[in-house]
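The values are calculated or read from the model by the stated rules, or taken from the named source; none is laboratory data. What you see is a predicted model, and the numbers here were worked out from it, not measured in a lab. All Cβ positions, even for glycine, are placed from backbone atoms using ideal geometry, and neighbour counts span all protein chains on display.
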Amino acid sequence: MDYGFYPLSLRERGGVRAFKKTQFLTVRSIYVGLVNVLSRYGCRFGHGWSKSMNSIPHLEIHLAHACNLACESCSHYSNQGHKGILSLAEAEHSMKLWNRRLIPHTFSLLGGEPSIHPDLPEFVLLARRVWPSAHLRLVTNGFFLHRHPALPAILQRDPNTSIYLSIHHDGPEYAEKLRPVMELLKSWVRNYRIRVNIYLSFKHWTRVYRGSGNIMEPFKNGQPRQSWEHCPAKYCPQLFEGKI
Ligand code: SF4
């Protein structure tokens, strides 16, 4: 569920002072819309026509496997000490194996926590080059966004992007720690008019295995079909080492 608290219409309310910027964004929006329509019919700018392109709703890539949080039953196993980051070169290689076959409607940059990656802004630029029509979504818990001062300007220049802030606890301590993140995002929305959505992850928490660390175990109820039907991960195909 999307708890957008700064929808696009609010971003673009800036009165006369913002007219020139708004006009620029409108031209960009028309361009991106045109690319979207043409891409649906298999036309790739700079790549000629292709009849074998398939549209898919969503594709994602994990930029960092570690996380600063340790949510119980993390489906990326970041709470189990999973580490490592993806290089830009590896990501480009993987993406280019697929960008002549698939057109994702939404391409998500996530992890682990993607803002741990020092090259996060460059990944946004790379994803845009590879998939010109996809909505680019940066999914983050937000705590390291302050390390990427170049990010908001990059997102501002590309209106088909959004930050998706996932909130992992509803307690007052968490809210207090999140306060500077919210302040930062409010300032980015105010100054760059980027799009930010809030996702209350704690409301949709699922247990995907039992236990933690060396006592972690899969469910053993012998109902793999039922598990598959309940698992939301089947809607989240990911690009990993060139495979999906
Ligand atoms: S914030 Fe996300 S990646 Fe990090 S531990 Fe929690 S669920 Fe896992």
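When residues of region 190-228 are filtered for being assigned to a helix (DSSP H, G or I), within 16 Å of the ligand (Cβ to nearest atom) and under 21 Å from the mean Cα position of the chain (by Cα), how many remain? Here the count works out to 4. Considering G112, G142, the condition of being within 16 Å of the ligand (Cβ to nearest atom), in contact with a helix residue (DSSP H, G or I) (Cβ under 6 Å, 6 or more places away or on another chain) and under 24 Å from P57 (Cα atoms) is satisfied by G112 alone.
Residues in region 145-182 that are in a loop (DSSP other than H, G, I, E, B), within 16 Å of the ligand (Cβ to nearest atom) and touching a strand residue (DSSP E or B) at 6+ places or on another chain (Cβ under 8 Å): I167 only.
Taking residues in region 51-78 that are under 23 Å from H135 (Cα atoms), and partners anywhere that are among the charged types (D, E, K, R), the pairs with Cβ atoms closer than 7 Å and at least 6 places apart or on different chains are S52/R101; M53/R101; N54/R101; S55/R40; A64/E113; H65/K83.
Number of residues in region 64-86 that are away from the ligand (no atom under 11 Å from the Cβ) and either within 16 Å of the chain's Cα centre (by Cα) or in a strand (DSSP E or B) (or both) equals 2. Residues that are more than 21 Å from A66 (Cβ to Cβ), hydroxyl-bearing (S, T, Y) and modelled with pLDDT under 95 occur at least once in region 220-232.
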